[in-house]
Amino acid sequence: MGTERPTVKLFVAKVTSANLLEGGSLASFMGEALNVLKEAGLPEFTTIVADSDLDGLCAAAVLKAVNPNATVHFAHAALVRSGTIDHLINHQTAMVDLPFHPNCGWYLDHHQTNRPSPDEEASFIAKGGTCHWEATPSAARLAYDVLSPHIDLNHLEEIMPVVDALDSGQISREDFIADGPILQLARSLSMREPEHMQLLLTLLSKGTRLADVLADERILPHVSRAKEERAAAQRVVESSTTIIDRLAVCRMDEKGVRSNGYLVTAWAGDRADACCIIHGYADGSIETPEHPPLSASFYANSFLPNGQGRFDLSRMATALDPTGGGHANACGCRVQEPGLDANLDHWLAMWADRDVSLAIQ
Ligand SMILES: [Mn+2]
């Protein structure tokens, strides 16, 4: 294989450079893309279905680099599990960073909970499917590892460590607070911004370097939006968070901003073991997504050494709301009658007794 690589790399250098724009025949490029896959022993595909976060997008960019004509659809796990996108999935579909689907042709993922069972994998392979499941920090890393021996992916080297850290919860407090451009770029991604997603995908798949992506005038407004939204949320965290007995209670309700737990636990530092964020509006409703009802989210402080796995916060999330839930370290619920103050009193009493009532044995 060592002797084949220079030829393959040369071809990719052609595709990823401006030469494609200089009149290279599309049919010949298509043919050569298929040759790369064939020589690498990888399946042909016409469609890529990927998760709609930075990991899914970078994994899709890696696959699209080897097959520039592939159509990419962004999705999320619930859309796969509900069967909503079954019509997009057949033996010519590569699926990345999403739950396993037996009808796809090539499955790449890294989530333990998505891994096909040995039986599922065996019948998938018997039908001609190709399965790459590895416990890598990101799906993009897996796709990169599979394809980098065959094509030139040097331009992604800078973004890959951040994708890994973001997707495996390994971002340090310093990096989170610094809020560098890749974190902002990651937050700018959304299924509500399909043009932005497709443009970023195309740039990364064609070999555009990160600095040029971030300087692109079509990308910049999205990154700026993500930066400004976080700055607004940060101001609310600073003005509206109270630390009570090592629980940081942040009142984002009535304020039109949202945040996950990182912003609050990064602000609290070693003063809090967990946070409780209140979102929504006292007169909100589930019927009006832009004006939602009051809700609470609970997060363990993942920036502390051993900050996770000490307390089962989901017991607070389910104590008053039977539809509440999530994980021990990250969960949520709706505020119930008679109202927020009474709910907060209940949760704070549970928290005060946490060594007994919330302890994970
Ligand atoms: Mn992922």
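Bear in mind that the values in this text are calculations on the coordinates, not laboratory data. Treat the numbers as computed from the prediction; the structure is a model and nothing was measured. No Cβ is skipped: glycine too gets one built from the backbone with ideal geometry, and neighbour counts run over all protein chains shown.
With q set to 0.13, 0.18, 0.24 Å⁻¹, the log10 of I(q)/I(0) for the range 30-118, from the Debye formula over equal scatterers at the Cα positions, is -0.39, -0.73, -1.24. Helices in the chain, meaning DSSP H runs of at least 4 residues, each add -39500 (n - 2.57). Divided by all residues, the mean residue ellipticity at 222 nm is -12500 deg cm²/dmol. Each label point was placed 7 Å from the Cα along the Cα-to-Cβ direction; for Asn260 and Asp86 their separation is 3.1 nm.
Dipole size of the range 18-218 about its Cα centre, with +1 on Lys/Arg Cβ and -1 on Asp/Glu Cβ: approximately 400 debye, rounded to the nearest 20. Neighbours of Asp355, meaning other residues whose beta-carbon lies under 15 angstrom from its beta-carbon, give a summed charge of 0 when Lys and Arg score +1 and Asp and Glu score -1. Basic side chains Lys and Arg get +1 at the Cβ, acidic Asp and Glu get -1 at the Cβ, and with that the dipole of the chain about its Cα centre reaches some 360 debye. Each residue of the range 224-266 gets 64 Å³ once the volume of the Cα convex hull is shared out per residue. When a/c is below 1.5 the answer is rounded, else prolate if a/b is larger than b/c, else oblate, so apply that to the range 130-226 with a ≥ b ≥ c taken from the square roots of the Cα gyration tensor eigenvalues. Since a/c reaches 1.5 but b/c is at least a/b, the shape of the range 130-226 is classed as oblate. Projecting label points 7 angstrom from Cα along Cα→Cβ for Glu229 and Gln112 puts them 3.0 nm apart.
Highest mean packing comes first when the peptides 50-61, 311-322 are listed by Cβ atoms within 10 Å, giving 50-61, 311-322. Our estimate of slack between Glu157 and Asp145, defined as 0.36 nm per intervening residue step minus the Cα-Cα distance, is 3.2 nm. Computed from label points 7 Å out along Cα-Cβ, the spacing between Asp175 and Val356 is 4.1 nm. Each of Ala61, Leu210, Pro116 was placed along the dipole of the range 18-218 (beta-carbon charges, centred on the mean Cα), and the one lying farthest toward the positive end is Pro116. Using Cβ point charges alone (K and R +1, D and E -1), the dipole size of the range 226-324 about the Cα centre works out to roughly 360 debye. Across the chain the C-alpha pair distances fall into 10 Å bins from zero in the proportions 5, 21, 28, 24, 14, 6, 1, 0 percent. Between Ala215 and Lys38, the contour length at 0.36 nm per residue exceeds the Cα-Cα span by 60.1 nm.
Roughly what % antiparallel, to the nearest 5, for the DSSP beta bridges in the chain? Counting only bridges with both partners in the chain, antiparallel ones make up about 45 percent. Please give the net charge around Asn329, taking every other residue with its beta carbon less than 10 angstrom from that of Asn329, where Lys and Arg add +1 and Asp and Glu add -1. Combined, the nearby Lys, Arg, Asp and Glu give 0. Around Ser259, under 10 Å between beta carbons, what's the net of Lys plus Arg minus Asp minus Glu among the other residues? After counting each charged neighbour, the total is +1. If you sort the three axes of the alpha carbon gyration tensor as a ≥ b ≥ c, you get a/c of 1.5 or more for the range 233-358 and a/b no higher than b/c, which makes it oblate.
Do any of Lys127/Lys206; Lys206/Lys227; Lys38/Lys64 go past 24 Å between their Cα atoms, and which? Too far apart for the 24 Å limit: Lys127/Lys206; Lys206/Lys227.
In terms of its C-alpha gyration tensor, the range 18-218 comes out oblate, because a/c is 1.5 or above while a/b does not outweigh b/c.
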